[in-house]
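Single-structure report; data block below.
The values are calculated or read from the model by the stated rules, or taken from the named source; none is laboratory data. Since the model is a prediction, treat every value here as computed from it, not as a measurement. Please note: Cβ atoms are built from the backbone with ideal geometry, for glycine as well, and neighbour counts cover all protein chains shown.
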Amino acid sequence: MQYRTSFLLEVLANFCYAFIDLAATIILFTHTPALKGWNLAETALLLGMTNTSFALAELIGGGFDLFPQMIRQGGFDQVLVRPLGHFFQVMTSEFVLRRFGRLTQGLMVIAVALPRVFAWKTVFGMAALLLPVIAGGALFYLAIFIVQATVAIWTVESLEVFSIITNGGNEVLSHPLDIFHPVLRRFFTYILPMAFINYIPVAAIMGKPLTAAGVPPWIAWFSPLFGVGAFLLARRFWDYGVRHYQSTGS
Amino acid sequence: MIVAKELVKEYKIYQHRRGFFGAVRNMFSTSHTIVRAVDQISFRIAAGELVGYLGPNGAGKSTTIKMLTGILVPTSGELTIGGIVPWRERVKHARRMGVVFGQRTTLWWDLPVIETMDLLRTIYKIPQQQYRRNLEMFTDLLGLSEFLNTPVRSLSLGQRMRADLAAAFLHDPEIVFLDEPTIGLDVLAKERIRQFIATINCEKKTTVILTTHDLGDVAKLCRRVMMIDHGKVLFDGALAELVSRFGGERRLVVDFAEEYDDQSIAGARIIAKEGRKVTYAFHSNGNGVAPLIEDLSRKYKWADISLQDPDVETTIRRIYEQWESDHSATRLPC
């Protein structure tokens with residue numbers, strides 16, 4: 001914590017940056033009271049949840065973000081000669097506090113949106129699923145970060161492709177899935193089941209039809225497990241990658 | 001301690017296409033060339049040995065070391081160190097070994113040396129007493145006290161290397177890998193580091209594998225030498241044997257008691273004359289120096305004789321040269 005001012009400014013910048021998302025959503029709703037049956041508060045809840053998940057994943061898995069650099073500079077050799085797990089070492093190699101900005105924004109949006117969507121018939125669902133869904137979402141994003149990092153073991157380029165999934169996915173999930181093209185809906189439900197990070201459970205709790213995703217409502221209760229599953233798969237892919245690590249020249 | 005059987009490491013070199021679509025294709029493409037860096041090498045190293053591992057750049061030294069340290073997984077072959085397969089039980093192996101990469105520090109860039117040592121104590125779970133004893137001993141042997149509180153990034157190369165060495169031996173590892181530990185250092189620093197390695201190997205019976213280009217390291221430290229090139233072991237044996245087998249010509253310097261016109265002796269040629277002092281060169285393969293001295297004594301009266309063995313450096317250069325000429329039909333144009 002050598003540069004206090006710089007740190008505070010960074011947190012603030014991150015915080016403001018995250019609010020631009022919210023501003024866009026609010027502006028959108030000044031023109032229409034509802035979007036395919038979702039009002040502003042409900043949409044804001046989606047946005048707050050996905051941002052919170054994303055921020056948590058960034059906070060925990062910041063090390064994976066810098067892993068390509070570590071590979072290129074040969075730092076991973078040092079990790080492998082230490083008597084600690086390589087996954088743990090890489091994950092904790094970087095802890096970026098400024099990402100608290102996005103986390104704060106996410107939590108604040110949830111705090112504001114939640115009372116506005118409150119209804120007695122949804123209270124049980126919210127209480128039971130809100131935290132597990134956010135945690136599952138964080139695990140899902142973390143899984144993507146891990147896969148992205150692992151690919152760096154084979155190639156140093158082409159990593160930007162993953163931004164489509166991380167940042168693009170985050171963008172999509174900030175809105176109800178109903179508004180997107182069917183191809184995109186199916187992609188985020190069946191191929192990369194990120195809709196389970198927030199849209200499917202939230203829609204199910206509020207008793208909205210899940211026609212956009214095309215899945216039965218009971219499955220929504222198992223949403224957090226998709227995050228756990230994605231994380232476990234990513235973890236295995238990581239181990240596979242490390243076995244194929246080639247190191248750099250001497 | 002170490003048993004390696006027909007160890008092979010192949011690298012896949014992927015072709016890189018440029019641009020966005022190139023990058024996408026790279027992700028799915030399988031077009032690559034295979035380079036065999038280590039080609040079926042086998043060896044055994046006993047506990048407590050201090051082995052020099054030599055070879056020119058790109059010979060496969062570093063690749064071997066990376067397999068031994070558990071960084072790389074061998075393509076085929078067997079490797080056990082103290083009964084453990086390094087990459088399969090990496091953490092357990094890491095606990096028992098130490099490593100220094102001369103080219104790159106294994107320490108934390110921003111931490112002062114003493115805090116680095118403290119952190120290592122935690123990571124390796126070194127008992128307090130052992131830690132203090134070792135730190136004291138290494139501080140003394142390597143002269144660490146002048147920069148214990150300096151962050152690693154501000155150390156000079158010589159200081160950094162000494163800190164790295166101390167860190168590698170701190171947890172009393174059974175085996176230590178030193179990859180070019182004297183690279184780029186001045187004579188005094190080299191000497192100090194050699195002295196340290198010799199002392200630890202002797203007192204703690206630590207097995208040490210040392211790769212180097214500095215033949216002074218080898219001459220001063222290693223009883224056994226393994227030489228590798230193009231991924232294959234060219235020689236594995238005692239240093240003295242290496243010198244006598246590949247050393248080529250030895251030298252015999254004779255101080256004659258009288259003047260002679262013809263000073264020739266069978267099996268040797270004259271390479272220098274200075275008054276009554278004549279230097280002969282001869283090949284040591286065969287019966288050694290005895291027949292030469294017999295012939296000399298029969299023909300002439302001499303006052304003094306001295307024998308010079310070729311040094312390690314000459315020997316190794318000869319091996320490299322011989323290997324090169326055997327394996328390359330075309331020489332570079334002048």
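Observations on the model:
- Which numbered condition A:Ser163 misses (of (1) in contact with a helix residue (DSSP H, G or I) (Cβ under 8 Å, 6 or more places away or on another chain); (2) small (Gly, Ala, Ser); (3) within 14 Å of chain B (Cβ to nearest Cβ)): (1)
- Boolean, B:Tyr124 is in contact with a strand residue (DSSP E or B) (Cβ under 8 Å, 6 or more places away or on another chain) and buried (at least 19 other Cβ atoms within 10 Å of the Cβ): no
- Condition check for A:Ser223: away from every other protein chain (no Cβ under 14 Å) and within 20 Å of the chain's Cα centre (by Cα): yes
- Restricting A:Ala127, A:Ala138 to residues that are more than 14 Å from every other protein chain (Cβ to nearest Cβ), assigned to a helix (DSSP H, G or I) and surrounded by fewer than 17 Cβ atoms within 10 Å (Cβ to Cβ) narrows the list to A:Ala127.
- Out of A:Val147, A:Val133, sole residue that is within 19 Å of the chain's Cα centre (by Cα), within 14 Å of another protein chain (Cβ to nearest Cβ), part of a helix (DSSP H, G or I) and under 24 Å from A:Ala230 (Cα atoms): A:Val147
- The selection criterion, being surrounded by 14 or more Cβ atoms within 10 Å (Cβ to Cβ) and under 21 Å from the mean Cα position of the chain (by Cα), does not hold for A:Val81.
Each row is one residue, and each column tells you yes or no for (1) more than 18 Å from A:Phe231 (Cα to Cα); (2) more than 14 Å from every other protein chain (Cβ to nearest Cβ).
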site: A:Ile27; (1), (2): yes, yes
site: A:Thr52; (1), (2): no, yes
site: A:Thr92; (1), (2): no, no
site: A:Val96; (1), (2): yes, yes
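- Identity of the residue in the stretch B:81-109, among the β-branched types (Val, Ile, Thr) and more than 16 Å from B:Pro173 (Cα to Cα), that ends up nearest to the other protein chains (Cβ to nearest Cβ): B:Thr105
To keep it simple, each residue is scored yes or no on (1) touching a residue at least 60 places away in the same chain (Cβ under 8 Å); (2) more than 30 Å from B:Gly77 (Cβ to Cβ).
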| position | (1), (2) |
| --- | --- |
| B:Asn201 | yes, no |
| B:Lys220 | no, yes |
| B:Val225 | yes, no |
| B:Ile228 | yes, no |
| B:Glu241 | no, no |
| B:Val253 | no, yes |
| B:Asp262 | no, yes |
| B:Ala272 | no, yes |
| B:Trp302 | no, yes |
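- A:Ala152 fulfils the conditions (1) more than 14 Å from chain B (Cβ to nearest Cβ); (2) modelled with pLDDT of 85 or more; (3) touching a Phe, Trp or Tyr at 6+ places or on another chain (Cβ under 8 Å) except for a single criterion, (1).
- Here A:Tyr141 qualifies as under 13 Å from the mean Cα position of the chain (by Cα) and under 18 Å from A:Glu58 (Cβ atoms).
Quick grid of which residues meet (1) surrounded by fewer than 17 Cβ atoms within 10 Å (Cβ to Cβ); (2) touching a residue at least 24 places away in the same chain (Cβ under 8 Å); (3) of a type in the set (Gly, Ala, Ser):
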site	(1), (2), (3)
A:Ser163	yes, no, yes
A:Leu184	yes, no, no
A:Leu192	yes, yes, no
A:Val215	no, yes, no
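- Residue in the stretch B:41-64 that is at pLDDT below 95, at the interface with chain A (Cβ under 10 Å from one of its Cβ atoms), closer than 30 Å to A:Glu160 by Cα and in a loop (DSSP other than H, G, I, E, B) present: no
- Among the residues of the stretch A:26-34, none qualifies, meaning not one is in contact (Cβ under 8 Å) with a residue 60 or more places away in the chain and either under 25 Å from A:Arg243 (Cβ atoms) or of a type in the set (Ser, Thr, Tyr) (or both).
- Strands (runs of 3 or more DSSP E) contained entirely in the stretch B:214-311, each with at least 3 residues that are at pLDDT below 85, out of contact with any Ser or Thr (no Cβ under 8 Å at 6 or more places or on another chain) and not assigned by TED's automatic domain parsing to the domain that holds B:Ser42: B:277-283
- Checked against (1) modelled with pLDDT of 90 or more; (2) more than 14 Å from A:Ile146 (Cβ to Cβ), A:Gly75 passes all but a single condition, namely (1).
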